[in-house]
Amino acid sequence: MRTSMPQTLRARLRRVRLLLCDVDGVLTDGTVIVRGRGDEAKRFNLRDGQGLVLLRRCGIRVGWISSRPSAATARRARELKVDFLVQRKGPKVAAVEEILAHTGCSWTEVCYVGDDWVDLGPLRRAGVGVAVADAAPEVRATARVVTQAAGGQGAVREIADWILEAQGKKAALVAEFAA
């Protein structure tokens, strides 16, 4: 975690029990490749995936909320054993509130990551609202913190590391992998 991170943000990260992300532009660089057969491909960052696996291993639940349904997104979510996947048009706040009702978490326990206007509602309500470095200007202005990495380029792993460090879990994981 950056040493310049405010103590108030560290305190908020310690409370996170649920990481929720947009998909396109956060977990990917926003590029969709549509093939002639009508199927599509997306490029997901492996370090982001590892960060999500580490969070889940440490008891932090993970969910993805996308306004753009995609078989590629569903497949990657299954591979990573993402706890919640919501893919539908409509307000993302409603999707988050459904997940909160299911988990018993409150908005203050949510870290939400977004990149575009459709993410503004959850970003404003989350205990920790995060914008990726290349997010829309309005999103960066709304977020509590902005990553150094762009969407699809390790931004989610950066956030996972912040959470794990703030919660005192990162050092033990690093030591385990170094053994």
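Annotations for the structure displayed:
- Inside region 57-109, residues that are charged (D, E, K, R) and within 22 Å of ARG15 (Cα to Cα) make up a count of 7.
- If you go through region 64-74 and keep only what is of a type in the set (Val, Ile, Thr) and assigned to a helix (DSSP H, G or I), you end up with just THR73.
- Subset of region 121-144 (residues that are under 16 Å from THR108 (Cα atoms), of a type outside the set (Gly, Ala, Ser) and surrounded by 20 or more Cβ atoms within 10 Å (Cβ to Cβ)): PRO122, LEU123, VAL128, VAL130
- Within region 136-179, tally of residues that are of a type in the set (Gly, Ala, Ser) and under 20 Å from ASN45 (Cα atoms): 7
- When ILE60 is tested against (1) touching a Leu at 6+ places or on another chain (Cβ under 8 Å); (2) under 15 Å from GLY49 (Cβ atoms); (3) among the hydrophobic types (A, V, I, L, M, F, W, C); (4) surrounded by fewer than 20 Cβ atoms within 10 Å (Cβ to Cβ), just one condition goes unmet, and that condition is (4).
- Verdict on LEU164 being free of Cβ contacts under 8 Å to residues at least 60 places away in the same chain, surrounded by 17 or more Cβ atoms within 10 Å (Cβ to Cβ) and not polar (S, T, N, Q): no
- Residues of region 27-68 classified as under 21 Å from LEU120 (Cβ atoms) and acidic (Asp, Glu), total: 1
Computed from the coordinates by the stated procedures, all read-outs in this text should not be read as laboratory data. For clarity, every value in this text was computed on a predicted model and none was experimentally measured. Quick reminder, even Gly has a Cβ in these numbers, built from the backbone with ideal geometry, and neighbours come from all protein chains shown.
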